[in-house]
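Enquirer: One structure, pasted below without further comment.
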Amino acid sequence: MKTIGLIGGMSWESSRLYYELINKQVKTVLGGFHSAKSVMISVDFDEIAKLQSKNDWESLNQLMVIAAKQLENAGADMVLVCANTMHLCSKAIIKNSSLPFVHIAEATGEAIKENSLKKVALLGTKFTMEKDFYKDILTNDFGIEVLIPDLKSRDLVHDIIYKELVLGKINNASKEIYLKIINDLISQGAEGIILGCTEIPLLISEEDVRVPIFNTAKIHAKKAVQFALKKR
């Protein structure tokens, strides 16, 4: 079994979920007393969020590269970033680390293709919804059309993530806002919904929505385990 390297802390609530998902998946596959071999470098999300608000992605790249090198020194065999938005730093990590990088958008694209969907909606931070680093992989590599909410709805989705979910706050009123936005996207032709922020599953589950939900944290964790257990 390979050692899974995790860059966490963005937020720690979703990083905790990653650890649980990965270990449950290993146990499902191998049974018995098996658990995942893993190492996590957890960053201070306050520092990350401040740099994001300043749009200082060069500094964020440097922090992620440092974390990836720490994982390498700790004996990890791969790198996962336990967040969707911070995959904006994926090119810098790949360029400056010798470890294989398990990309969340690639894993999500594979899951969508397995469901034979052609058009999906993407929810996440404004960085994830508005920048191309995520949508381009889905469109160019998998031929998937990606819808995003309108500007007002993007602001609502983003604010709920940063003001509530990353702080562990779960509000029913915010859930209703999300469900209204999701239903609007379904009415526009979305055949599935990408929960493109690893905190959103704290608020929205598969039972809440009438089309397939793609929980990116769960998909990413499963892909990591597949990589870890793949025979050389």
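The values are calculated or read from the model by the stated rules, or taken from the named source; none is laboratory data. What you see is a predicted model; the values in this text were computed from it and never measured. Positions of Cβ are generated from backbone atoms using ideal geometry, with glycine treated the same way; all protein chains shown enter the neighbour counts.
Enquirer: With respect to residue 194, determine if the residue is closer than 18 Å to residue 104 by Cβ, under 17 Å from the mean Cα position of the chain (by Cα) and free of Cβ contacts under 8 Å to residues at least 40 places away in the same chain.
Expert: So residue 194 fails the test.
Enquirer: Among the residues of region 87-116, count how many are closer than 21 Å to residue 153 by Cβ and not in a helix (DSSP H, G or I).
Expert: 0
Enquirer: Could you tell me which residue of region 81-95 is surrounded by the fewest Cβ atoms within 10 Å (Cβ to Cβ), considering only residues that are of a type in the set (Val, Ile, Thr) and more than 19 Å from residue 22 (Cα to Cα)?
Expert: Checked region 81-95; the qualifying residue surrounded by the fewest Cβ atoms within 10 Å (Cβ to Cβ) is 94.
Enquirer: Going residue by residue through region 200-211, is there one that turns out to be outside the structural domain of residue 14 (by TED's automatic domain parsing), surrounded by fewer than 17 Cβ atoms within 10 Å (Cβ to Cβ), without any contact (Cβ under 8 Å) to a residue 12 or more places away in the chain and of a type in the set (S, T, N, Q)?
Expert: yes
Enquirer: Give the residue that is nearest to residue 101 (Cα to Cα), with candidates limited to residues of region 1-18 that are surrounded by 18 or more Cβ atoms within 10 Å (Cβ to Cβ) and out of contact with any strand residue (DSSP E or B) (no Cβ under 7 Å at 6 or more places or on another chain).
Expert: 10
Enquirer: Can you find a residue that is among the hydroxyl-bearing types (Ser, Thr, Tyr) and over 21 Å from residue 13 (Cα atoms) anywhere in region 153-162?
Expert: Residues of region 153-162 that are among the hydroxyl-bearing types (Ser, Thr, Tyr), as a first pass: 153, 162.
From what's left, over 21 Å from residue 13 (Cα atoms): 153.
Yes.
Enquirer: If you take the residues of region 31-69 that are out of contact with any Leu (no Cβ under 9 Å at 6 or more places or on another chain) and hydroxyl-bearing (Ser, Thr, Tyr), which of them is surrounded by the fewest Cβ atoms within 10 Å (Cβ to Cβ)?
Expert: Filtering first and then ranking leaves 53.
Enquirer: Which one is nearest to the chain's Cα centre (by Cα) among residues in region 53-86 that are of a type in the set (S, T, N, Q) and under 15 Å from residue 9 (Cβ atoms)?
Expert: Restricting attention to region 53-86, the residues satisfying the condition of being of a type in the set (S, T, N, Q) are 53, 55, 59, 61-62, 70, 73, 84-85.
Pick out the ones that are also under 15 Å from residue 9 (Cβ atoms) and you get 70, 84-85.
Numbers: 70: 21, 84: 4, 85: 7 Å.
Only one residue fits best here, namely 84.
Enquirer: May I pose another question? Would you please name the residue that is modelled with the highest pLDDT, looking only at residues in region 6-37 that are among the small types (Gly, Ala, Ser) and under 18 Å from the mean Cα position of the chain (by Cα)?
Expert: The residue in question is 8.
Enquirer: I would also like to ask the following. Anything in region 29-71 that is within 16 Å of residue 100 (Cα to Cα), in contact (Cβ under 8 Å) with a residue 12 or more places away in the chain, of a type in the set (Val, Ile, Thr) and assigned to a helix (DSSP H, G or I)? List them, or say none.
Expert: Residue satisfying the conditions is 65 alone.
Enquirer: Mind counting the residues in region 130-166 that are polar (S, T, N, Q) and without any contact (Cβ under 8 Å) to a residue 12 or more places away in the chain?
Expert: Residues in region 130-166 being polar (S, T, N, Q) and without any contact (Cβ under 8 Å) to a residue 12 or more places away in the chain: 2 in total.
Enquirer: Does any residue of region 81-98 turn out to be in contact with an Asp or Glu (Cβ under 7 Å, 6 or more places away or on another chain), of a type outside the set (Phe, Trp, Tyr) and in the same structural domain as residue 10 (by TED's automatic domain parsing)?
Expert: yes
Enquirer: Take residue 169 and tell me if it is assigned to a loop (DSSP other than H, G, I, E, B), without any contact (Cβ under 8 Å) to a residue 12 or more places away in the chain and either touching a strand residue (DSSP E or B) at 6+ places or on another chain (Cβ under 9 Å) or closer than 22 Å to residue 125 by Cβ (or both).
Expert: yes
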